[in-house]
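The block underneath contains the structure these notes are about, expressed in structure tokens.
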Amino acid sequence: MARVYNFSAGPAVLPEDVLREAAAEMLDYRGSGMSVNEMSHRSATFQEIIDTAESDLRELMGIPDSYRVLFLQGGDSLLFAAVFMNLAINKKADYIITGSWASKAYREAEILGDPKVIASSQDRNFSYIPDCSDLPIRADASYVYICQNNTIYGTAFHGLPNTKGHVLVADQSSMFLSEPVDVTDFGLIHAGVQKNVGPAGVQIVIVRDDLIPDDLPGVPTMLRFKTQADAGSLYNTPNCWGIYICGKVFKWVAGQGGLAGMRARNEEKAALLYDYLDESDLFRPTVEQGSRSRMNVTFVTGSADLDAMFVAEAAKQGLVSLKGHRSVGGMRASIYNAMPLAGVQKLVGFMRDFERTHTA
Ligand SMILES: *Cc1c(COP(=O)(O)O)cnc(C)c1O
């Protein structure tokens, strides 16, 4: 068995311990005589899996009782619409555009109502986070929307926008559980788990109770947050396997020192890579200082041919999925929670060798 260092942006690396545990339980989950894949979502055994997952997540993030935790399906992209349908009661919400995912969220809102762009970093290909200290937020906007970590462009908010008392909504997909958060800063947090937490097919929504509308005329049952909030995320068949793996990852994160432990690990890994990028004569980071993501690190050589050669040669060394997104080009190393420090050390070592070989 040859495990690689997998720098994929998502679906992405998972903790090896979690995969081993799941493998050991594949044929017989704790004496049930069956796999979690074969189990009724109405069984007591599955109820315990989802209850434990929720309470472990609440503990990790310090989620107050006044917030609901939902395990949903349909893709994080479906939540772009669902969030607007549920929270933009007057069909007005204001968006900060820092990349593709925020743009997509905005475009869904455009289909449904009257969103407004109040800040954008499109002028420099989303290579920075705009100043959000004094935004032209509409008085009647239901919320301010951010994508807190921009998976494609490699930027992240290192401080939240001044929402002037408005509700803040954040897409945390590619940074969920990577550092401590104060949940009470947000009205709603949503995240697709396939970036930093689990297998594809589960989205977690953490939403303040009083923001969930009782009645939403014209909105399908499955798009109302109240439906799954009332049913404990079991209105219909959930992604049982995905929730089960997420639960294991929550326990793994807790065992690594919780979110503070995760931040320390992630800071160390990111510093190693960025410090090298800043001193390199060949590679250059694409994101400005102060806006850099600790999860998705984007860089280029300046030559598309050399970039392609780097990606191919890295793969031969077991450093895989380093090709950047087509909208940025170059390389992207996603160094999520489950990427060990040794993986980043090996990457930087390989980059130094490559630089020596390819600079005169
Ligand atoms: C990947 C990603 C999404 C989209 O997730 P899907 O589940 O594929 O719809 C949305 N937001 C961010 C920040 C992402 O990284």
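The values are calculated or read from the model by the stated rules, or taken from the named source; none is laboratory data. Every value quoted in this text rests on a predicted model; they were computed, and no experiment measured them. Here Cβ is always computed from backbone atoms with ideal geometry, including for glycine, and neighbour counts include all displayed protein chains. For accessibility, only protein heavy atoms count, side chains too; no ligands or nucleic acids. Shrake-Rupley method; radii C 1.70, N 1.55, O 1.52, S 1.80 Å.
Among the residues of the range 26-52, those identified as surrounded by 14 or more Cβ atoms within 10 Å (Cβ to Cβ) and within 27 Å of the chain's Cα centre (by Cα) are VAL36, HIS41, PHE46, GLN47, ILE49, ILE50, THR52.
Looking at the range 208-314, what helices (runs of 4 or more DSSP H) fall wholly within it and have at least 1 residues that are in contact with a His (Cβ under 9 Å, 6 or more places away or on another chain)?
Working: elements: 225-230, 240-255, 258-279.
Filter on the range 208-314 gives 240-255.
Of all the numbered requirements in (1) open to solvent by 30 Å² or more (accessible area, probe 1.4 Å); (2) assigned by TED's automatic domain parsing to the domain that holds ASN37, ARG265 misses one, and that requirement is (2).
Conditions (1) buried (at least 22 other Cβ atoms within 10 Å of the Cβ); (2) in contact (Cβ under 8 Å) with a residue 12 or more places away in the chain; (3) more than 16 Å from the ligand (Cβ to nearest atom); (4) among the polar types (S, T, N, Q), marked per residue:
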site	(1), (2), (3), (4)
GLN194	yes, yes, no, yes
GLY198	yes, yes, no, no
GLY232	no, yes, yes, no
PRO238	yes, yes, no, no
TYR244	yes, yes, yes, no
GLY255	no, no, yes, no
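Screening GLN289 with (1) open to solvent by less than 40 Å² (accessible area, probe 1.4 Å); (2) more than 16 Å from the ligand (Cβ to nearest atom); (3) free of Cβ contacts under 8 Å to residues at least 24 places away in the same chain gives one miss only, at (1). The single condition from (1) touching a Ser or Thr at 6+ places or on another chain (Cβ under 9 Å); (2) within 16 Å of the ligand (Cβ to nearest atom); (3) not acidic (Asp, Glu) that TYR145 fails is (1). For the range 100-109, state whether one or more residues are among the aliphatic types (A, V, I, L, M) and open to solvent by 20 Å² or more (accessible area, probe 1.4 Å). No.
Of the listed requirements (1) under 24 Å from ARG208 (Cβ atoms); (2) under 18 Å from the mean Cα position of the chain (by Cα), ASP230 misses just one: (2). Residues of the range 157-185 that are buried (at least 24 other Cβ atoms within 10 Å of the Cβ) and of a type in the set (A, V, I, L, M): VAL169, ALA170, MET175, LEU177.
Scan the range 61-70 and give yes if some residue there is buried (at least 19 other Cβ atoms within 10 Å of the Cβ), closer than 30 Å to PRO115 by Cα, modelled with pLDDT of 95 or more and within 16 Å of the ligand (Cβ to nearest atom), otherwise no. Looking for residues that are buried (at least 19 other Cβ atoms within 10 Å of the Cβ), closer than 30 Å to PRO115 by Cα, modelled with pLDDT of 95 or more and within 16 Å of the ligand (Cβ to nearest atom), one finds at least one in the range 61-70, hence yes.
Number of residues in the range 318-337 that are in contact with a strand residue (DSSP E or B) (Cβ under 9 Å, 6 or more places away or on another chain) and either among the β-branched types (Val, Ile, Thr) or not in a strand (DSSP E or B) (or both): the value is 11. Among the residues of the range 200-215, just one is in contact with a Ser or Thr (Cβ under 9 Å, 6 or more places away or on another chain) and within 9 Å of the ligand (Cβ to nearest atom), namely GLN203.
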